[in-house]
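Trainee: Okay, handing you the structure first.
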Amino acid sequence: MFIIFDDRPSDSPFVERIWRSHSERAGTFHSIAACHWEMVVTRHEGKTSLTVRGPETKATTADCPAYGEWFAIRFKLGAFMPLLRPGDLRDRKNVTLPDASGRSFWLNGSAWEYPDFENAEMFVKRLVHAGLIAVDHSVLDVLHSQPQEQSLRTAQRHFLQATGMTHGAIHQIERARYATTLLKQGVSILDAVHEAGYYDQSHLTRSLKRLIGQTPAQILRAENQLSFLYNTTST
């Protein structure tokens, strides 16, 4: 492993997780499918930048430079930026915001100081107060199987606009990430099939190859570096 990850929970109603990492050498890693969008601060070779990254519907490979540092705010499903919606950022259509100074970046005509691992929640609170982050509560209703006052088609449209993905796609990604977590914990392939709710081993293998970029056996052997995996969701 050449990328070292660290993470913590958040008490913000808008934030899923806060994570950070650093690289000990250059290398290639598997960027696995993810249904959450993120704000990522990169520090490398004396320069700092902030990138808004969208969800990813499939696994891809990515190059990582040596001696880089990253800090990220992973947002909850239903929270979104009206200026940069998750669907517009999906699958590596990331947006790096213009640098204002060595300590700040431009967003919506104002300079914002780069956040860090400790003050992330205050940074998000300021974004919400400025109207730059909103929440579509109908997404939460769908996720928690609550009765919908609106039509199914309207609910699906709202869900797609706020998350950039369909509910079905999110379920598949979360299931694959959960199965990967089980395998990395040493759970056998057959037990992972059962625990994660796959039909059989072939079904698991197809899903993980598409969404994680590795077979179950490769994950068990820890053959390749994966991107940040933390996942609270089981099926």
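Trainee: Go through segment 182-235 and give me each residue that's at pLDDT 95 or above and of a type in the set (Ser, Thr, Tyr).
Mentor: Matches in segment 182-235: Ser188, Tyr198, Tyr199, Ser202, Thr205, Ser207, Thr215.
Trainee: Of all residues in segment 185-202, how many are under 17 Å from His171 (Cβ atoms) and of a type in the set (A, V, I, L, M)?
Mentor: Going residue by residue through segment 185-202, those that are under 17 Å from His171 (Cβ atoms) are 192-193, 195-199.
Narrowing further to those that are of a type in the set (A, V, I, L, M): 192-193, 196.
Of the residues in segment 185-202, 3 are under 17 Å from His171 (Cβ atoms) and of a type in the set (A, V, I, L, M).
Trainee: Considering each residue of segment 76-96, count those that are part of a strand (DSSP E or B) and in contact with an Asp or Glu (Cβ under 6 Å, 6 or more places away or on another chain), and give that number. Spell out the reasoning first.
Mentor: Quick first cut of segment 76-96, residues part of a strand (DSSP E or B) only: 79-81, 84, 95-96.
Pick out the ones that are also in contact with an Asp or Glu (Cβ under 6 Å, 6 or more places away or on another chain) and you get none.
Of the residues in segment 76-96, 0 are part of a strand (DSSP E or B) and in contact with an Asp or Glu (Cβ under 6 Å, 6 or more places away or on another chain).
Trainee: Please indicate, with yes or no, whether at least one residue in segment 40-56 is out of contact with any Gly (no Cβ under 8 Å at 6 or more places or on another chain) and touching a residue at least 60 places away in the same chain (Cβ under 8 Å).
Mentor: yes
Trainee: Could you grab me the full set of residues in segment 12-31 that are among the β-branched types (Val, Ile, Thr) and closer than 20 Å to Gly213 by Cβ? If you could, list the steps in order and put the result at the bottom.
Mentor: In the first step, residues of segment 12-31 are kept if they are among the β-branched types (Val, Ile, Thr); the result is 15, 18, 28.
Hit for segment 12-31 is Thr28, nothing else.
Trainee: Return the total of residues in segment 39-75 being surrounded by 15 or more Cβ atoms within 10 Å (Cβ to Cβ), over 12 Å from the mean Cα position of the chain (by Cα), of a type in the set (Gly, Ala, Ser) and not in a loop (DSSP other than H, G, I, E, B).
Mentor: 1
Trainee: For segment 173-208, which positions are part of a helix (DSSP H, G or I) and either of a type in the set (Phe, Trp, Tyr) or in contact (Cβ under 8 Å) with a residue 60 or more places away in the chain (or both)? It would help to see each step written out before you state the result.
Mentor: Here is the first cut: in segment 173-208, the ones part of a helix (DSSP H, G or I) are 173-184, 189-196, 201-208.
Within segment 173-208, Ile173, Glu174, Arg175, Ala176, Arg177, Tyr178, Thr180 meet the criteria.
Trainee: Additional query: Out of Arg20, Arg74, report the one residue that is at pLDDT 95 or above and over 26 Å from Ser207 (Cβ atoms). Let's see the steps before the verdict.
Mentor: Values: Arg74 fails: over 26 Å from Ser207 (Cβ atoms).
Within the list Arg20, Arg74, the selection yields Arg20.
Trainee: Something else: State which residue pairs qualify: first residue under 18 Å from Trp112 (Cβ atoms) and inside segment 73-98, second residue aliphatic (A, V, I, L, M) and part of a loop (DSSP other than H, G, I, E, B) in any location, beta carbons under 7 Å apart, and separation of 6 or more residues or different chains.
Mentor: Every condition considered, the pairs that remain are Ala79/Ile133; Met81/Leu132; Met81/Ile133; Leu83/Leu132.
Trainee: Report the residue count in segment 1-26 for those that are in a strand (DSSP E or B) and within 22 Å of Thr96 (Cβ to Cβ).
Mentor: So the answer is 11.
Trainee: Related question: Tell me yes or no: at least one residue of segment 36-58 is in contact with a Cys (Cβ under 9 Å, 6 or more places away or on another chain) and of a type in the set (Phe, Trp, Tyr).
Mentor: Going residue by residue through segment 36-58, those that are in contact with a Cys (Cβ under 9 Å, 6 or more places away or on another chain) are 55-57.
Applying the additional criterion that residues be of a type in the set (Phe, Trp, Tyr) yields none.
No, segment 36-58 contains no residue that is in contact with a Cys (Cβ under 9 Å, 6 or more places away or on another chain) and of a type in the set (Phe, Trp, Tyr).
Trainee: If a residue must be in contact (Cβ under 8 Å) with a residue 40 or more places away in the chain and surrounded by 15 or more Cβ atoms within 10 Å (Cβ to Cβ), how many such residues does segment 1-38 contain?
Mentor: Result for segment 1-38: 25.
Trainee: Out of the residues in segment 132-179 that are among the hydrophobic types (A, V, I, L, M, F, W, C) and touching a Gly at 6+ places or on another chain (Cβ under 6 Å), which is modelled with the lowest pLDDT?
Mentor: Let us first name the residues in segment 132-179 that are among the hydrophobic types (A, V, I, L, M, F, W, C), namely 132-135, 139-140, 142-143, 152, 155, 159-160, 162, 165, 169-170, 173, 176, 179.
Those still in the list that are touching a Gly at 6+ places or on another chain (Cβ under 6 Å) too: 135, 139-140, 162.
Details: Val135: 92, Val139: 86, Leu140: 77, Ala162: 90.
This residue is Leu140.
Trainee: I need the full set of residues from segment 94-115 which are at pLDDT below 95 and under 19 Å from the mean Cα position of the chain (by Cα), in order please.
Mentor: Hits for segment 94-115: nothing passes.
The values are calculated or read from the model by the stated rules, or taken from the named source; none is laboratory data. Since we're looking at a predicted model, the values are computed, not measured. Quick reminder, even Gly has a Cβ in these numbers, built from the backbone with ideal geometry, and neighbours come from all protein chains shown.
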